[in-house]
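The values are calculated or read from the model by the stated rules, or taken from the named source; none is laboratory data. Worth saying up front: this structure is predicted, and the values here are computed from it rather than measured. Heads up, the Cβs are rebuilt from the backbone with ideal geometry, glycines too, and the neighbour counts pull from every protein chain shown.
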Amino acid sequence: MKDFKKHILITGGAGFIGSHVVRLFVNKYPDYCIYNLDKLTYAGNLANLKDLEDKPNYRFIKADIVDGEHMLNLFAEHKFDGVIHLAAESHVDRSIANPMEFIMTNIVGTVNLLNAAKFHWQNDHSGKLFFHISTDEVYGSLGEEGFFTEETSYDPHSPYSASKASSDHLVRAYHDTFGLPMVISNCSNNYGPNQFPEKLIPLFINNIRNNKPLPVYGKGENVRDWLYVVDHANAIDIIYHKGRIGETYNIGGNNEWKNIDLIRVLCSVMDEKLKRPAGTSEKLITFVKDRAGHDLRYAIDSGKLQRELDWTPSLQFEQGVSLTVDWYLNNQDWLDEVTSGEYLKYYEEQYVKR
Ligand code: NAD
Ligand code: TYD
């Protein structure tokens, strides 16, 4: 068997962002062995990684991070040098409906991985890194002005963001208490290919193609800062290799959109690509009851990452949206597949019965 320079565990690699990170690392670093560990929940899909199946430096491990003993055994077996931890329950609306899954995976699962890394790396920290992927939602909600920096106090409001905030604190605690080499990144909203159609952009693309209502929460005035997923994956690569141990880096697109404005852009791009008369998709917009605890505005100051590690987003939003819509329209089988089964039940509970 080939001697690899590093053995890197990527958790949640069958999900949206994870699949882009796995692809980048497998293709860019043939001398690293990349282990994609994923439970394959509703959000995990191996079809996202079909192009990597035969790569000699790629392995898939089906496992649940909530099983602590299994995590310890996997570290013993594969001698991971690094962990890039993305596995999580990731959707705010599901966390409102069922917080416990978020506590188990996002908090207990993270601690299980920390314990495994602490135990197996205790005698030698050199070249080891636990990279925890987090979200800007831990910082809470901004008013009309200002940005989240790495110094902003945590103030999470949803069970999702509170569970991610807890996991961030635990990762820092393992660094401060046990010396575990770690780094954390907090990123803004991602969009792009392979995102599960429960999140705003792919949900609305799917509904427009099926002529279904577009459920805008409240008045559509909430603001999010959108980043193309490949730019997030590139930031993760840079931070993994050049980030300073013990540090936090904010990642953002410097690209704020009020939901209703973004939705109008999406409607117009969809009309154009589907060759429907201008204005057709906008007619599907339906204002519905607001999300409980809905954060008004997220906006990231990614100056530290740009200054220290020379990262910048590569795509303009208009290009990113066009690429994203093209991907979904060229991969309608993928959409049909993930919107059958469990999805129909979720959709009914979230949008029809409420
Ligand atoms: P996703 O829901 O698309 O993917 C999550 C993956 O984790 C899935 O493949 C799922 O099967 C796997 N998973 C869930 N529970 C597991 C468990 N118990 N054991 C093993 N695997 C499990 O999520 P995503 O949008 O790709 O987000 C990935 C990470 O990035 C998360 O940690 C999320 O908090 C963070 N993040 C996401 C965004 C965003 O906009 N999507 C922004 C910033 C940070
Ligand atoms: P989402 O994609 O769920 O990301 P997050 O809540 O993590 O930011 O939602 C993005 C924005 O879109 C958020 O303000 C909620 C809003 N939204 C809707 O208006 N309707 C929907 O059906 C969904 C899923 C989201």
Counted residues in the stretch 1-25 being modelled with pLDDT under 95 and out of contact with any Cys (no Cβ under 9 Å at 6 or more places or on another chain) come to 2
The condition of being part of a loop (DSSP other than H, G, I, E, B), at negative phi and not polar (S, T, N, Q) holds, among D168, D237, D155, D176, only for D155
Condition check: surrounded by fewer than 16 Cβ atoms within 10 Å (Cβ to Cβ), of a type outside the set (D, E) and at pLDDT 95 or above. Does M71 satisfy that?
no
A careful count of residues in the stretch 78-105 that are within 21 Å of F131 (Cβ to Cβ) and either surrounded by fewer than 18 Cβ atoms within 10 Å (Cβ to Cβ) or modelled with pLDDT under 95 (or both) gives 2
How many residues of the stretch 208-220 are more than 9 Å from ligand 2 (Cβ to nearest atom) and not aliphatic (A, V, I, L, M)? The answer is 6
When D237 is run through (1) within 9 Å of ligand 2 (Cβ to nearest atom); (2) within 19 Å of the chain's Cα centre (by Cα), the failure sits at (1)
Practice prompt. Kindly indicate whether any position in the stretch 212-221 is crowded, with 17+ Cβ neighbours inside 10 Å and more than 23 Å from V288 (Cα to Cα).
Written response: no
Residues of the stretch 7-33 being away from ligand 2 (no atom under 16 Å from the Cβ) and of a type in the set (A, V, I, L, M), in sequence order, are I8, L9, I10, A14, V21, V22, L24, V26
All-but-one check, G44 against (1) part of a loop (DSSP other than H, G, I, E, B); (2) free of Cβ contacts under 8 Å to residues at least 12 places away in the same chain; (3) closer than 23 Å to Y343 by Cα, failing number (2)
Of the listed residues (D93, D136), the one being within 11 Å of ligand 1 (Cβ to nearest atom), touching a residue at least 24 places away in the same chain (Cβ under 8 Å) and not hydroxyl-bearing (S, T, Y) is D136
query: Within the stretch 185-193, is there a residue that is surrounded by 24 or more Cβ atoms within 10 Å (Cβ to Cβ), in a loop (DSSP other than H, G, I, E, B) and more than 12 Å from ligand 2 (Cβ to nearest atom)?
result: yes
Looking across the stretch 315-354 at residues that are within 15 Å of ligand 2 (Cβ to nearest atom) and among the charged types (D, E, K, R), the single one that is surrounded by the fewest Cβ atoms within 10 Å (Cβ to Cβ) is K353
So, first residue surrounded by fewer than 15 Cβ atoms within 10 Å (Cβ to Cβ) in the stretch 234-259, second residue part of a helix (DSSP H, G or I), Cβ within less than 8 Å, six or more apart or across chains; the pairs are K242/L309; R244/E308; I245/H175; G246/H175
Within the stretch 54-68, of all residues that are assigned to a loop (DSSP other than H, G, I, E, B) and among the hydrophobic types (A, V, I, L, M, F, W, C), the one surrounded by the most Cβ atoms within 10 Å (Cβ to Cβ) is I65
- Message: Please determine whether any residue of the stretch 216-225 is part of a helix (DSSP H, G or I), touching a residue at least 40 places away in the same chain (Cβ under 8 Å) and of a type in the set (D, E, K, R).
- Response: no
Practice task
Please tell me if N36 is part of a helix (DSSP H, G or I) and not acidic (D, E).
Solution key: no
Within the stretch 307-330, the residues that are more than 30 Å from N210 (Cα to Cα) and within 20 Å of the chain's Cα centre (by Cα) are W311, T312, P313, S314
Checked the stretch 169-182 for anything crowded, with 22+ Cβ neighbours inside 10 Å and within 15 Å of ligand 1 (Cβ to nearest atom); matches are V171, M182
Test L49 against the criterion of being crowded, with 20+ Cβ neighbours inside 10 Å and more than 9 Å from ligand 1 (Cβ to nearest atom), and give yes or no. yes
Among helices (runs of 4 or more DSSP H) completely within the stretch 246-354, the ones holding 1 or more residues that are within 23 Å of D93 (Cα to Cα) are 259-273, 317-330, 332-338, 342-347
Taking first residues from the stretch 282-307 that are surrounded by 17 or more Cβ atoms within 10 Å (Cβ to Cβ) and second residues anywhere that are outside any strand (DSSP E or B) and of a type in the set (K, R), the pairs with Cβ under 8 Å that are 6 or more apart or on different chains are L284/K212
